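Here's the structure we're looking at; comments come further down.
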Amino acid sequence: YVGETEQKIAAAFRRARGGVLFLDEADTYLQDRSRAMNSWEVSAANELLQQMNSFGGILVMATNLLENLDTAVFRRFDWVVEFQGLSTRARMMLLKKLSSLIELRIDPEEQKTWAEELSGLTVSDIVTLLRRSAVNRNLPMEIIFANLKSMIQARRKRTQQVIGFCGT
């Protein structure tokens, strides 16, 4: 309903008063107003911008679509934080942990090769695979590796420069 989003935004800021407020998928509320098709898109962004101006706590926001944000939001942030991809060494550590958690033995050389090939692997990929592996504990590591690779390739098609940001 018209106005309901704005009311919920204001209520979230009131509840977080002086504390920490985390808004995920910030692009949902802070779309570039110059490209808005509906008046409610503008009013939701306006409400959030106004709330940001007067908020006394710590506001943390995340988005994968930084380029879709209204430009007015950037002068309200103290910090913009970019989350970069993991190094080969970090990917090796994650693969080692994954194999240990799901009780799979992987040859260390094979693990190194896979880590090198999995550029773009994230911690959330590992969490997703652990969840999937819990359903079928007998999955061969080759299937897990192929699944990881396909997730990374799908994400690469939509790669953004900056994956997150925050501000107070």
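The values are calculated or read from the model by the stated rules, or taken from the named source; none is laboratory data. Only a predicted model underlies this, so the values are computations on that prediction, with no experimental measurement involved. Cβ atoms come from the backbone with ideal geometry, glycine included; neighbour counts cover every protein chain shown. When the accessible area is computed, the model is the full protein with side chains, heavy atoms only, and any ligands, DNA or RNA have been set aside. Shrake-Rupley method; radii C 1.70, N 1.55, O 1.52, S 1.80 Å.
State which residue is nearest to R155 (Cα to Cα) when the search covers only the stretch 66-84 and only residues that are among the aromatic types (F, W, Y) and open to solvent by 50 Å² or more (accessible area, probe 1.4 Å).
The qualifying residue nearest to R155 (Cα to Cα) is F83.
Among the numbered criteria (1) surrounded by 15 or more Cβ atoms within 10 Å (Cβ to Cβ); (2) modelled with pLDDT of 80 or more; (3) within 22 Å of N64 (Cα to Cα), which single criterion is violated by S87?
(1)
Quick check: anything in the stretch 25-41 in a loop (DSSP other than H, G, I, E, B), open to solvent by less than 50 Å² (accessible area, probe 1.4 Å) and out of contact with any helix residue (DSSP H, G or I) (no Cβ under 9 Å at 6 or more places or on another chain)?
no
List the number of the failed condition for G57; all other conditions in (1) of a type outside the set (K, R); (2) open to solvent by less than 20 Å² (accessible area, probe 1.4 Å); (3) touching a Phe, Trp or Tyr at 6+ places or on another chain (Cβ under 8 Å) hold.
For G57, the exception is condition (3).
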